[in-house]
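Beneath this line is the structure, given in structure tokens, with notes to follow.
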Amino acid sequence: MDNIERTLGQLFEGRNFEKEYQTLKEKVLAYPPIQQFLKENEAEITDQLINQNISNLYEFMTQHQKFTENEVTLMPGYAPKLVLNGEFMTVTYYPTPEKIESDRRRAIERRIQSLYMPKQVVEASLDEFYTDEQPRLLAMVAASEFMQQYDPTHEKMVQGLFIHGSFGTGKSYLLGAIAREMALRGVTTTLVYLPEFMREVKQAISDNTVGEKIQFAKETEILMLDDIGAESMTAWTRDEVLGAILQYRMQEQLPTFFSSNYNMAQLETHLTFSQNGMEEQLKARRLMERIRYLAKEVELEGKNRRLN
């Protein structure tokens, strides 16, 4: 016990706490933002109130200094503010404009789910979709009509778009731009690069996860299947995977988009496998009926933007 008392005595020996307190108080009260706060509320603030809240004023001073000097604060992304609340002067923290914008971007990104899509498509914007050619202008009009008619309750069927055209005309980009615009409106969209998705579904047979992958595509609020027709399609993936997804979405009236290098007539031929003759033609036609029900055909031709 004597050793502890001796150690404490050595620690505090020679320190004048009253003087240190007064020095700290003077420093706090001399801080310009605090002076401004006290002046604005001088009718309600007394010396006693200041003394009772000096620790809060000190917290505000230190955090405000760090904030203005771009140092790490107690709450990064939030700015400190003094608030008079009865007998208390408290420090509150409010989000900065940068924080608000960052949160807004993250919220948008969370509403755009992407499977195997390039970053350029996921970050696409309608503002940057050129309408300098007639087909591009008409495609933009079709996209605008969908967004105006979209029904979040899904009580009425609103067709998505089947965007087809040559390589590099901006089909995938337009899908991404629509997805971002819908995200701004609070709607979740899933963008899927179909060839890679089909490859993954085939691999999922080995670990018995095919069902959950298909279910995910079935139920998402808006589904966009990019590059249909480019995948290595089999009768099984056509009927049991793609067919099952589109059948569910047709029944539930869930908006579905497609992009393809084929128009609808060409895609139907592509989806026909010759080994079973007429039976395969009927299955391809049945799948195309679902696609035609879900999406409006839009041609997007023009110069190859990838070459520019």
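Can you figure out the FRET efficiency of Ala204 with Arg305, using R₀ = 41 Å and their beta-carbon distance, to the nearest 0.05? If you can, show how the numbers build up before the last one.
Values: r = 34 Å, r/R0 = 0.84.
Calculated transfer efficiency: 0.75.
For the chain, what is the accessible area per residue in Å² when the probe is 1.4 Å? List each step's numbers first, then the result.
Details: 17420 Å² over 308 residues.
Per residue, the chain has 57 Å² of solvent-accessible surface.
When a/c is below 1.5 the answer is rounded, else prolate if a/b is larger than b/c, else oblate, so apply that to the stretch 190-305 with a ≥ b ≥ c taken from the square roots of the Cα gyration tensor eigenvalues. Could the numbers behind the result be given before it?
Values: a/c = 1.38, a/b = 1.12, b/c = 1.23.
It comes out rounded by the Cα gyration axes.
Given only helices, namely DSSP H runs of n ≥ 4 each adding -39500 (n - 2.57), what is the per-residue ellipticity at 222 nm of the chain, to the nearest 500 deg cm²/dmol?
Values: 14 runs with 157 residues, N = 308.
So the calculated ellipticity at 222 nm is -15500 deg cm²/dmol.
Between Ser55 and Glu155, how many nm apart are label points set 7 Å from Cα along the C-beta direction?
5.7 nm
Of Leu74, Leu191, Gln36, which is farthest on the positive side of the dipole of the chain, counting Cα position, with +1 on Lys and Arg Cβ, -1 on Asp and Glu Cβ, and the Cα centre as origin?
It is Leu191.
Among Val141, Val83, Val210, determine the one that fluctuates most according to a GNM of the chain built with springs between C-alpha atoms less than 10 Å apart.
In this elastic network of the chain, the residue with the biggest mean-square fluctuation among Val141, Val83, Val210 is Val83.
What distance in nm separates the two pseudo spin-label positions at Arg185 and Lys19, each 7 Å out from Cα along the beta-carbon direction?
7.1 nm
Let me know the charge dipole size of the chain about its Cα centre in debye, to the nearest 20, where only the beta-carbon of Lys, Arg (+1) and Asp, Glu (-1) is charged. Before the final figure, lay out the partial values.
Values: 35 positive and 46 negative charges, 167 e Å.
Its charge dipole is roughly 800 debye.
Report ³J(HN,Hα) in whole Hz for each residue of the stretch 50-59, in order, from the Karplus equation J = 6.51 cos²θ - 1.76 cosθ + 1.60 where θ = phi - 60°; Gly and Pro get x.
Using θ = phi - 60°, the values come out as 5, 4, 6, 10, 4, 5, 5, 5, 5, 4 Hz.
If I compute Cα Rg over 2.2 N^0.38 Å from the structure I just sent, which labelled value in (1) 1.62; (2) 1.16; (3) 1.93 lines up?
The listed entry that was calculated here is (1).
Among Lys19/Lys81; Lys27/Lys66; Lys39/Lys81; Lys27/Lys81; Lys119/Lys296; Lys213/Lys296, which pairs are too far apart, with a Cα-Cα distance over 20 Å?
Exceeds cut-off: Lys19/Lys81; Lys119/Lys296; Lys213/Lys296.
Could you give the length gained on full extension between Ser166 and Phe216, defined as 0.36 nm per residue of separation minus the Cα-Cα distance, in nm? Walk me through the numbers before you get to the answer.
Details: separation 50, 0.36 × 50 = 18.00 nm, distance 2.95 nm.
That pair, Ser166 and Phe216, stretches by 15.0 nm at full extension.
Under the Karplus relation 6.51 cos²θ - 1.76 cosθ + 1.60, θ = phi - 60°, what is the ordered set of whole-Hz ³J(HN,Hα) values for the stretch 83-98, x standing for Gly and Pro?
Values, residue by residue: 9, 8, 10, x, 8, 10, 10, 10, 9, 10, 10, 10, x, 6, x, 5 Hz.
Please check: in the Gaussian network model of the chain (C-alpha springs, under 10 Å), which one of Tyr293, Tyr248, Tyr58 has the largest mean-square fluctuation.
Among Tyr293, Tyr248, Tyr58, the largest GNM mean-square fluctuation belongs to Tyr58.
Please give the charge dipole size of the stretch 190-308, origin at the Cα centre, charges +1 on K and R Cβ atoms and -1 on D and E Cβ atoms. Round to the nearest 20 debye. Don't skip to the end; give the middle numbers.
Details: 15 positive and 19 negative charges, 51 e Å.
The dipole magnitude comes to about 240 debye.
Relative contact order for the chain using alpha-carbon pairs under 8 Å, separation at least 6, rounded to a whole percent?
Values: 411 pairs, mean separation 56.5, N = 308.
That works out to 18 percent.
Once you put a point 7 Å from the Cα of Glu42 and another 7 Å from the Cα of Gln120, both along the Cβ direction, what distance in nm separates them?
Distance between label points: 6.3 nm.
The values are calculated or read from the model by the stated rules, or taken from the named source; none is laboratory data. Remember, it's a predicted structure, so these values are computed and weren't measured experimentally. In this analysis, Cβ positions are derived from the backbone assuming ideal geometry, glycine residues included, and neighbour counts consider all displayed protein chains. Remember, those area values only see protein heavy atoms, side chains included, never the ligands or the DNA or RNA. Shrake-Rupley method; radii C 1.70, N 1.55, O 1.52, S 1.80 Å.
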